[in-house]
Each structure stands twice: as structure tokens, then as C-alpha cells.
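Let me begin by presenting the structure, written as C-alpha cells, before commenting on it.
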Amino acid sequence: MVVTVSPEDDKRLQASLRTATSTFHQVTAVSQEALNDGLYYLFDKYTDLADMKVSSKKFGSIDATMTYAEIELPVKTSNYRTVIFYCIFDSGKLIVTDDEGEPKPPIDMSKWRFAFEVDFSTLDVSPTSDEHSEVKKRLNQPGDYSISRLFLDFKTHKIRNFKKDLSDFKGYQWDNVDLQSFLSLMSFWGDPEKGVMKDPRKSTLGYYLTTSKPETVNPPAPTFPPTLLKHQHYKYIAPGKTEPDTGLDLGKNNMLLYLEMTQNQSFPKEDILEYSGNFVTPGMKGTSCISRDVFFDAYLLRNPPISPTNSAGTLPPLLREFNRHAYAWLGGFHIWASHYTAGVQWSFGIGYTDWEPARDPSYFAWKRISPTKWEWSGTDSRSGTDKGVWPFHAWGDAQSFTHNTLWVDPGKNIIHLKGDSRLWAKLAYAGMGSGEESAGMQMTWEISISMDSVSEGGIKLNMNLPQNPQDLFTITKLTSPWSEAATSTQPITSPQDHPTKEQDDARVVRAAKDKGERTKITLTDMKDSATDAIKHINFNDMTTNLQESLLSSARFVISGGKDFFYKNPIFNNDGDLIVEAKYQS
């Protein structure tokens, strides 16, 4: 299916989690604009951030008010864990001292902008602190996990090497001595031990969780909670351009990435995720991207041990159920002839039965054939011949076939599945009269799963079922085999090949029937097998698990104010799930 998208959306669909050697499992991309929203909230919450009062006998004093602070992500540099911090002054006075320690005339700081670099870092939040309780309440996430903050680490500030080209002193001309005094006073303000920024909460960009026990955080889908996490900045490149824009306004779509691994796996060898496309587009605050490896391979298409019913503590297999319970298979197939009579003893089935051949879980595993498509197929064939008294002889064959397909369309929120299972068998005889019995059946089905937003901010997977789920399946009669090359043909015989009447009288044709074995080839038996198989697909458990798995895992907390909730899920060109992060209203 061809989906027409805008140039902006097309670049978002190109954004990839893949490196040269591996894949990051999940990424949360937060726009520079959203990060600054968080700083605005911090200034509202901690009023002392706006009041800058610093004094020193040696250097002088600052008595000023900041309107707010902002950060810029320096995406044209390789300092992937550094930001440019802007002090935006509303008003104030700077007084520096002369060589005698006497104050010089006040310098007006109104509308000044002062820019310098500072690194961001992480710090665990004490589980006994009020802060931990507050963030955990906002996360609204049960389970055994730790909470960490991402904050501007003022131990790394580069105030003395400030960004002259990005600062604005409204035309004030510095002499070097006065400038150094000003920088000393600003350093006192930014002192990580004594200054206003000694409390990391006042420079926190966001909170996040990690866990070594993901099964406690999201029992239906333990592959989602992050077990390892790091950060970097990431550029936004507008359609038609080859380089990113930077600055407080022009660079507002550049991003900070939360790079996550799940299932206690290690990061790729590459330290950073290189640019491939835009995780956010203009006006979008953030995006979460879950790799197809996690969302499909480790979750929707997961392959737990096989059992007729899920035992306690076993994760339900979800979409593997269609391969497990809707596939056609063959057991034994025996053609016999005695005197001038022929028959068949054979077993077959659709999905699980007591006489089904033993299968390893890997037999039913979906296989990815492209970034956005998976399939599963199984085929089998049997044939046999036998001879009665010359010239009577019999022959026959049986075939089974299943082909299931799953795919997504980039830019859409729908998972498509369809399947085709077939059975065919024939018994024929000739030599003293001729005849045959044959029958064939085809079972087809098609279903879609929609990824929908819910008012609480999570994502729900809705399996679009008819009122009676068994109506998904269509069972029809086949009038001929689908693979002529696989069918047996009448064997060429001669008298020497056949038993004599005395030898035939002495033969034991076959012992009593095995469980599930049939002695006729009938369409009714085949249809009954398919109908029984459909009843084994537990749609109730499957739909419940799909609906609940992403409701609690799709939350992220920014500092000081509103929280991110996830909306508008779609799939990208790699088959990854991408979800827009919006502020909770």
C-alpha cells in the first residue's frame, strides 16, 4: 500500500534506531523547545532561580532578576552531552571593584543574555526522598525500578570560557579586568557546592526509570521497560536542507535523545546514534520510538514454550497463536490393498490435537522478510502405494499447506494479518475396476490490529474482531490439489510385483488404528478439524494482553511541570513504532 505523506512526515518516517552493528531498542526524543518549557516551569516552581544576588569583597556584586533560563543543543558539534545555557536577564545591576576594592559605578544588566556551556549528567533519586515519592506518583507506574534525573551538572560549567558570540551585553564595552570580575561573580552564582544550582532539582531536565526486573514493571510486556539508558543530542534537518539550524529559536526542533536498551542487553558498539531522519517535526514536543525488535519480535511475535494452555507464570504467545492453532498438518498416511479392495489410514489436523506431531517452539516462529513484513509457512506431503492380487493396485497422496503473513504500512497505525491453510488427500485404485476418493479444504482468515491512543495517555492495541471471533475464518471446499507436482500418479505394475492370492491371504494389512487416525477421506472430517482448531484460539487472553501492555509503559516526566503522554502511534519505514509525546492537558 502506497501512503502519501508530507515532506516533514516523510523525514520522520526515515528516522532509524539502527547503527552499523546493532540497534538501540527504544528512543525518547525530546525537542529543545520542550526542554526549555521544562526550564520555564522550574523558574515558576523555584522562585529563587530568578533572583541572582552575588557579592564578593574582591570582585563586587550582582543584584539582578532573570526572566528565565534557556538551553540550546549544540548539534553541529561532537559534544553530544553538552548544552549551551542562557541566562536571560530582565533587569539588574552589576557593580565591580577597582584595584583598591572600591565599587565602580553600577552597570545596567537589563535585557542581557549570557551564554556558556554545561554538560548534562544523571543522578539517582533517593528512594526515601520526597522527590522520589512525587516523581513515582507522576509516573503512575508500579513495579521494582529506580528513578534517575537528567540534570545540568554545574560542576562542568564553562562560565569563564563563555560563548562570546552568543552573549549580548546590549552594547556594553568591557575592559578585561571588569569582565573577569563579572565572570568570577557568575561562577559564584553557578557554584555547584554553594550557589543556587547546588540543588540538582533546580537544573533537572527530566526524570526516567530503569529496572533490572522488567517483569515487575510491565508483566504483560516485560520487554518494554528500559534496563539501560544514556543520552545525546540529535539534530533536526528540515526538508530541502542538508544542515541543521541552531539557536534558541531556529534550533527549537533539535532534540535530546534518551537511548534505551531493554531485556538487560548491552548498547551497540557505537557510542551515538547518527542522524537518519527527524524523530520530531515542527510543533511536536517529543517522540518515542520502539524498535521492531522489541515491539514485534520480542513482544507481539514472541515465542514462549508450547503448551495446550498457558501455565502459571508463562507469558501468552499472542500473535504466534495464529501459526500454532490455524496451521494444517499431516500425521501418518498409509495406503493398503488386499485382494481387490483398497483403503487408507491417515491422520491430519488443523492446529493443536492430542495426536499432533511434536513441535519445537521455533517451528511456529514468525520470520521477518522485510523491515515491515513477517511471514510463517509450513508444508508437508505424504504418498503411498500398495498392490493386491494382480492386477489390482492402489495409490494415494496427501498434502498440507499454511502461509500466514503480517505487515504494516509506514505512516499508518494498523497491523495487518492474514492466513491460508489447506488440506488435500486422495486414494485411487485400478486393475479390477477403478475409482478414487478425494477431498480438499481451504481455511482463510484476515484481521487487523489498530494502535489507538487513550485518554489516560497510553496506547491500546485493539484487535478488530467480529462479534463472534469464529466468523473471522472462512472454510471452503477445494476441488483439486494446489500442487500437481507433489501428487502421486498411478504406478506402473506387472504380475511379478503383486502378491499371489495365497501370499495376500497371509498378509496382515495393518494393526488397529492409532489415535486420530481415519479410514476415509471426507470433506466433513477436514472441516470438523478446522472448526475445532478455531475454538482453541484464546481471543480473550490475547486481546486483554494487547490492550493492557502499553497503557502503563508509555509515560515520561519532564521537570517542574506537565508530563508527557503518548499519542498518535504509527509505524516508520523500518517497522518501528513511533508515538508522538504530548503534554498532558
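Considering only protein heavy atoms, what per residue accessible area in square angstrom results for the chain with a 1.4 angstrom probe?
Heavy-atom SASA per residue in the chain reads 43 Å².
Taking packing as the residue-averaged number of other Cβ atoms within 10 angstrom, the listed peptides 170-181, 24-35, 289-300 run from highest to lowest as 24-35, 289-300, 170-181.
Full extension of the chain segment joining D63 with Y46 gains 4.4 nm, where the gain is 0.36 nm per residue of separation less the Cα-Cα distance.
Pairs of Cα atoms nearer than 8 Å and 6+ residues apart set the relative contact order; for segment 226-286 it is 42 percent. Taking the alpha-carbon centroid of each part, what is the distance from segment 154-191 to segment 17-63 in angstrom? About 18 Å separates the Cα centre of segment 154-191 from the one of segment 17-63. Please enumerate, by chain and number, the lysines with C-alpha under 24 Å from the C-alpha of K513, excluding those fewer than 8 residues away in the same chain. Partners within reach: K387, K426, K527. Placing +1 on each Lys and Arg Cβ and -1 on each Asp and Glu Cβ, with no other charges, gives the chain a dipole about its Cα centre of roughly 280 debye.
Listed highest first by mean packing, meaning other Cβ atoms within 10 Å per residue, what order do 357-368, 565-576, 437-448 come in?
565-576, 437-448, 357-368
In segment 269-384, Cα pairs under 8 Å separated by at least six residues give a relative contact order of 22 percent. For segment 32-133, lysine pairs separated by 8 or more sequence positions, or belonging to different chains, with Cα-Cα distances below 21 Å total 10.
Here are labelled values, [x] 3, 15, 20, 20, 16, 12, 8, 4, 1, 0; [y] 4, 19, 30, 27, 13, 4, 2, 1, 0, 0; [z] 3, 15, 19, 17, 13, 10, 8, 6, 4, 3, 2, 1, 0, 0, and one is the computed P(r) over Cα pairs in 10 Å bins from 0, in percent for what I pasted. Which one? Matching the structure shown: [z]. For the pair T128 and Q173 in one chain, pulling the backbone fully straight at 0.36 nm per residue adds 11.2 nm over the alpha carbon distance. Placing R0 at 30 angstrom, the Cβ-Cβ distance between D497 and T379 gives a FRET efficiency of 0.45 after rounding to 0.05. On the chain, 48 percent of the accessible area sits on carbon and sulfur atoms, based on a 1.4 Å probe.
Projecting the Cα positions of V217, N79, H334 onto the charge dipole of the chain (unit charges on Cβ atoms of Lys, Arg, Asp and Glu, taken about the Cα centre) puts H334 furthest along the positive direction. Entry note, the chain: the mean residue ellipticity at 222 nm calculated from DSSP H runs of n ≥ 4, each adding -39500 (n - 2.57), is -4000 deg cm²/dmol after division by the residues and rounding to the nearest 500. Both the radius of gyration and Dmax for segment 134-213 are 18.6, 58 Å, in that order, over alpha-carbon atoms. Using Cα pairs closer than 8 Å and at least 6 residues apart in sequence, work out the relative contact order for the chain, in percent. Relative contact order here is 16 percent.
The packing ranking of peptides 239-248, 98-107, highest mean first, is 239-248, 98-107, where packing means the average number of other beta carbon atoms within 10 angstrom of each residue.
The values are calculated or read from the model by the stated rules, or taken from the named source; none is laboratory data. Computed from a predicted model, the values in this text were never measured in an experiment. All Cβ positions, even for glycine, are placed from backbone atoms using ideal geometry, and neighbour counts span all protein chains on display. Calculation scope for accessible area: heavy atoms of the full protein, side chains included, ligands and nucleic acids excluded. Shrake-Rupley method; radii C 1.70, N 1.55, O 1.52, S 1.80 Å.
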